[in-house]
Amino acid sequence: MVSLQFITHQTERYSYLESARMALEGGCKWIQLRMKEAPLEEVEAVALQLKPLCKEHEAILVLDDHVELARKLEVDGVHLGKKDMPIDQARQILGEAFIIGGTANTFEDVVQHYRAGADYLGIGPFRFTTTKKNLSPVLGLEGYSSILSQMKEANIEIPVVAIGGITYEDIPAILHTGVNGIALSGTILGADNPIEETRRILNHA
Ligand SMILES: Cc1ncc(COP(=O)(O)OP(=O)(O)O)c(N)n1
Ligand SMILES: Cc1ncsc1CCOP(=O)(O)O
Ligand SMILES: [Mg+2]
């Protein structure tokens, strides 16, 4: 089964919570609550509803950006990028029991997050996507192959998920570069039936 992290998103059809609920119903075991433009109280309100749902489905819940809220609500972890709290600082606050993910676009980012004690990396974007503003340079398959081979050479072992504009058809080639999993939003939410699409992705050879 493909290791899949679903990134929540609000669309014309679905709320953040509904988006996560569909991914969970489709069998996804790892949800990232990402509510980019929302005030903290709103993130908290959705997280409070999502936490028991994730528990029911035996799924991991990480929050995008919000370290203090993750601690307060005792979710499983956080995902942090360049503009967020540094990973070593988040580790001080959260301790070892929380999962901390970091965003990387270059091998230098990987080294930095690895040294800071990240548990996994979201490396991307694979290609252009409208789900995130101010995208870093697109990596394509070559970008992943290059970063992963540099990691191997440097003996850096840390799980990697690929992210950004990934479609169902891209999955085999992306996994072939050596990444451990994928993070998706638009390809699931844009499908006619997001629950079925999640199932289809998870059962990808
Ligand atoms: C799995 C994963 N990878 C990368 C990101 C991007 O995080 P960040 O760079 O902090 O950008 P925002 O998501 O906060 O806009 C992610 N969220 N998840
Ligand atoms: C959060 C994030 N970080 C890099 S691309 C991206 C969005 C991923 O969503 P999609 O699968 O819709 O491109
Ligand atoms: Mg962030």
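The values are calculated or read from the model by the stated rules, or taken from the named source; none is laboratory data. Note that the structure is a prediction, hence the values are computed from the model and not measured. All Cβ positions, glycine included, derive from the backbone under ideal geometry; neighbour counts span all protein chains shown. What goes into the accessible areas is simple: the full protein's heavy atoms, side chains included, and nothing from ligands, DNA or RNA. Shrake-Rupley method; radii C 1.70, N 1.55, O 1.52, S 1.80 Å.
Determine whether the range 114-132 contains at least one residue that is surrounded by fewer than 22 Cβ atoms within 10 Å (Cβ to Cβ), in a loop (DSSP other than H, G, I, E, B), touching a residue at least 60 places away in the same chain (Cβ under 8 Å) and hydroxyl-bearing (Ser, Thr, Tyr).
Scanning the range 114-132, I find at least one residue that is surrounded by fewer than 22 Cβ atoms within 10 Å (Cβ to Cβ), in a loop (DSSP other than H, G, I, E, B), touching a residue at least 60 places away in the same chain (Cβ under 8 Å) and hydroxyl-bearing (Ser, Thr, Tyr), so the answer is yes.
Mind listing just one residue for me: the one in the range 75-103 that is within 12 Å of the chain's Cα centre (by Cα) and within 15 Å of ligand 2 (Cβ to nearest atom) and, of those, surrounded by the fewest Cβ atoms within 10 Å (Cβ to Cβ)?
Filtering the range 75-103 for residues that are within 12 Å of the chain's Cα centre (by Cα) and within 15 Å of ligand 2 (Cβ to nearest atom), the one surrounded by the fewest Cβ atoms within 10 Å (Cβ to Cβ) comes out as Gly81.
Filter the range 83-108 for residues that are at negative phi and free of Cβ contacts under 8 Å to residues at least 24 places away in the same chain and give the result.
Lys83, Asp84, Met85, Gln89, Ala90, Gln92, Glu96, Ala97, Ile100, Gly102, Glu108
Looking at Leu69, Leu48, which one is free of Cβ contacts under 8 Å to residues at least 40 places away in the same chain, in a helix (DSSP H, G or I) and open to solvent by 20 Å² or more (accessible area, probe 1.4 Å)? I'd like the intermediate steps shown before the answer.
Values: Leu69 fails: open to solvent by 20 Å² or more (accessible area, probe 1.4 Å).
Going through Leu69, Leu48 in turn, the sole match is Leu48.
Would you pick out the residues in the range 18-42 that are out of contact with any Ser or Thr (no Cβ under 8 Å at 6 or more places or on another chain) and modelled with pLDDT of 95 or more?
Glu18, Arg21, Leu24, Lys29, Lys36, Ala38, Pro39, Leu40, Glu41, Glu42
Would you check which residues across the range 135-163 are closer than 18 Å to Ile7 by Cα and more than 10 Å from ligand 2 (Cβ to nearest atom) and list them? Break it down stepwise before answering.
First, pick out the residues of the range 135-163 that are closer than 18 Å to Ile7 by Cα: 135-136, 159-163.
Within the range 135-163, Pro159, Val160, Val161 meet the criteria.
Being under 20 Å from Leu184 (Cα atoms), acidic (Asp, Glu) and assigned to a loop (DSSP other than H, G, I, E, B): is that true of Glu58 here? Full working, then the answer.
Numbers: under 20 Å from Leu184 (Cα atoms): yes; acidic (Asp, Glu): yes; assigned to a loop (DSSP other than H, G, I, E, B): yes.
Judged against the criteria, Glu58 is a match.
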